[in-house]
Structure formats: structure tokens, C-alpha cells
Amino acid sequence: SFAQTILHIRQQYGVEGIGGLCLLGLSSNHSYSEALIEKGYGRIPLAFKYKTPILYDRFERAVQRAKNKKAGIWSDAGIRECFLSDKKK
């Protein structure tokens, strides 16, 4: 449902290539991936930091905005533990 609220039919989007990845650009000058992270709907895999440092910095800023707003997975410690735990079950 998040995609339906942010992506619109007949709206133009830009595509940006960084480090071999293609990002869907939104009118807010952020990528769709950054928007998902900022809303607390996603996280950054740890290994990503070393593969694409420029993009990692952009995503890290989105994480900080999500944490500041207590959005999505940042809203509750129990939810955060479920999604961010690296423990094997």
C-alpha cells in the first residue's frame, strides 16, 4: 500500500545508476528505496556499507530520519528486535 501512496500512474520518474544498482527516483530527490527506509519499512544490510559507500550514506541519512520520527520498525523496541536481529533462529 505504501507504493500506491507514493507512486502514481502517468507520473514521470527518473532512474539513477549507482554502483551497479538502478534506483527509481522520486520527485522528492530521493529514491524509492530511501523513501521505504525513511518510513521505517526497510533496513540497510550491513554488507551494503562496503559495496556501495555513497549509496550507503544516503540510506543511513534516511535511517536517521526514520529513527527521529520513530517511524515503522523504529517505533517499538519489540518490532525492531524482530527485524534487526542478526541472531540465527
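Every read-out reported here was derived from the displayed coordinates using simple, explicitly stated rules and does not represent laboratory data. Because the structure is predicted, anything quoted here is derived from the model rather than measured. Here the Cβ positions follow ideal geometry from the backbone for every residue, glycine too, while neighbour counts run over all protein chains shown.
At most 15 other Cβ atoms within 10 Å and a DSSP loop assignment: could you name the chymotrypsin sites (Phe, Trp or Tyr not before Pro) in segment 31-87 that fit?
In loop regions of segment 31-87 (DSSP not H, G, I, E or B), the sparsely surrounded chymotrypsin sites (Phe, Trp or Tyr not before Pro) are TYR41.
Using Cα positions and a limit of under 16 Å, work out the aspartates and glutamates in reach of LYS51, with same-chain residues fewer than 8 apart set aside.
GLU60
List the aspartates and glutamates whose Cα lies under 12 Å from the Cα of LYS69, skipping any in the same chain that are fewer than 8 positions away.
By straight Cα distance, LYS69 reaches GLU38.
With a cap of 14 neighbouring Cβ atoms within 10 Å, and only residues DSSP puts in a loop, list the trypsin sites (Lys or Arg not before Pro) found in segment 28-72.
When the trypsin sites (Lys or Arg not before Pro) of segment 28-72 are filtered for loop state and at most 14 Cβ neighbours within 10 Å, LYS70 remain.
How big is D for segment 10-83, in µm² s⁻¹ as a whole number, if Stokes-Einstein is applied with the Kirkwood radius of its Cα pairs at 37 °C and 0.692 mPa s?
Stokes-Einstein gives a translational diffusion coefficient of 253 µm²/s.
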